[in-house]
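Read-outs throughout are calculated quantities, based only on the coordinates presented, and are distinct from any laboratory measurement. Quantities reported herein were computed from a predicted structural model and do not represent experimental measurements. Positions of Cβ are backbone-derived with ideal geometry, glycine not excepted, and every protein chain shown enters the neighbour counts.
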Amino acid sequence: MTSNAPRPDHSPTTRAPEAAQSSQSARYTQGTPAAEGSAPSSPFRVERTPRDEAPQFVLPLVARIERAAPPARTDALETAARAVLTILSDERALGEGQWAQVMRDWQDARIRKVVRRARGAEWRRAEALPGITVTGKSAEVRVYPPVPLDGWPKDLARLQVSGTDLDDPEPPRDADPSTPVLWLNPDVGMSAGKAMAQAGHGAQLAWWDLSAPARTAWRDAGFPLSVRTAPASRWPELTTSGLPVVRDAGFTEIAPGSCTVVADHPALRRP
């Protein structure tokens, strides 16, 4: 498990990547949630919005967590973030692709992501469902097209959400400032599964805010990124820097409106 490359289980459609990127960029030019979730239509606002009137979907992610060899926590968070970016940019999720409509429906409502865990036969069944597996140094995460809140496939619905607690065998290295960094709030404790979903939210907000050329460059490089806990002294500066900020809706674990992640992509930094 040393490759960072996503492993699609079906061949993508033949639409040109540049055309696919342009199509999605145009879709989010207007009405895209702004940094800190301040746009009226933001999927991360605490109060009720028109997004709540739309049918609600969730993006399922499944982390492979074998009892004898669990992944490192930071690697799992980074792999989950790359998995979200991978499905957002996959040609099947764009234009007239086979997942495009459900991806649009999901992004028109509240943005929900749920991380479940699997091992052994559970993982083999999860891998048999349509989706994309992304691997890190020690982590494997499979992401699936969105499903209705009450319409999970049986082999995913039976998987556990709780218990996704992981550790880092050694402290992660300092983040490379030349690559995107998803900064976690140092004052908000989260399980590994919750933090994986929040890292995915941060990666998605960064993706929405990037220009089409910047998206293409990030995708072609394999979505390099780091997930790190921000130094407490830097957190106030990060949250007021104009970078995308995830304010959690508070469905699980943490209080509504909590700032959880700042998406620090070099292309989005103010001069």
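If a residue must be surrounded by fewer than 24 Cβ atoms within 10 Å (Cβ to Cβ) and in contact with a Lys or Arg (Cβ under 8 Å, 6 or more places away or on another chain), how many such residues does the range 72-85 contain?
Of the residues in that region, 2 qualify.
For the range 79-130, what are the residues that are among the charged types (D, E, K, R) and closer than 15 Å to LEU59 by Cβ? Working first, answer last.
Residues of the range 79-130 that are among the charged types (D, E, K, R), as a first pass: 82, 90-92, 96, 104-105, 108, 110, 112-113, 116-117, 119, 122, 124-125, 127.
Answer for the range 79-130, where residues must be among the charged types (D, E, K, R) and closer than 15 Å to LEU59 by Cβ: ARG82, ASP90, ARG92, ARG104, ASP105, ASP108, ARG110, ARG112, LYS113, ARG116.
Restricting attention to the range 213-224, which residues are touching a helix residue (DSSP H, G or I) at 6+ places or on another chain (Cβ under 9 Å), on the phi < 0 side of the Ramachandran plot and either surrounded by 15 or more Cβ atoms within 10 Å (Cβ to Cβ) or not in a helix (DSSP H, G or I) (or both)?
Of the residues in the range 213-224, the ones touching a helix residue (DSSP H, G or I) at 6+ places or on another chain (Cβ under 9 Å) are 213-220, 222-224.
In the following step, the residues that additionally are on the phi < 0 side of the Ramachandran plot were identified as 213-220, 224.
Answer for the range 213-224, where residues must be touching a helix residue (DSSP H, G or I) at 6+ places or on another chain (Cβ under 9 Å), on the phi < 0 side of the Ramachandran plot and either surrounded by 15 or more Cβ atoms within 10 Å (Cβ to Cβ) or not in a helix (DSSP H, G or I) (or both): ALA214, ARG215, THR216, TRP218, ARG219, PRO224.
So for the range 70-78 (the condition being in contact with a helix residue (DSSP H, G or I) (Cβ under 8 Å, 6 or more places away or on another chain) and within 21 Å of TRP208 (Cα to Cα)), does at least one residue qualify? Please lay out each step first, then the result.
Residues of the range 70-78 in contact with a helix residue (DSSP H, G or I) (Cβ under 8 Å, 6 or more places away or on another chain): 71, 73, 76-78.
Narrowing further to those that are within 21 Å of TRP208 (Cα to Cα): 77-78.
Yes, the range 70-78 contains at least one residue that is in contact with a helix residue (DSSP H, G or I) (Cβ under 8 Å, 6 or more places away or on another chain) and within 21 Å of TRP208 (Cα to Cα).
Output the residue which, of all residues in the range 111-161 that are without any contact (Cβ under 8 Å) to a residue 24 or more places away in the chain and not charged (D, E, K, R), is farthest from TRP208 (Cα to Cα).
ALA121
Select from the range 139-193 the residues that are over 28 Å from GLN56 (Cβ atoms) and hydroxyl-bearing (Ser, Thr, Tyr) and write down the one among them that is surrounded by the most Cβ atoms within 10 Å (Cβ to Cβ).
Here the answer is THR179.
Hey, does the range 82-100 have a residue that's charged (D, E, K, R) and under 9 Å from the mean Cα position of the chain (by Cα)? Walk me through it before giving the result.
The first filter runs over the range 82-100 and keeps only residues charged (D, E, K, R), leaving 82, 90-92, 96.
Applying the additional criterion that residues be under 9 Å from the mean Cα position of the chain (by Cα) yields 82.
Looking for residues that are charged (D, E, K, R) and under 9 Å from the mean Cα position of the chain (by Cα), one finds at least one in the range 82-100, hence yes.
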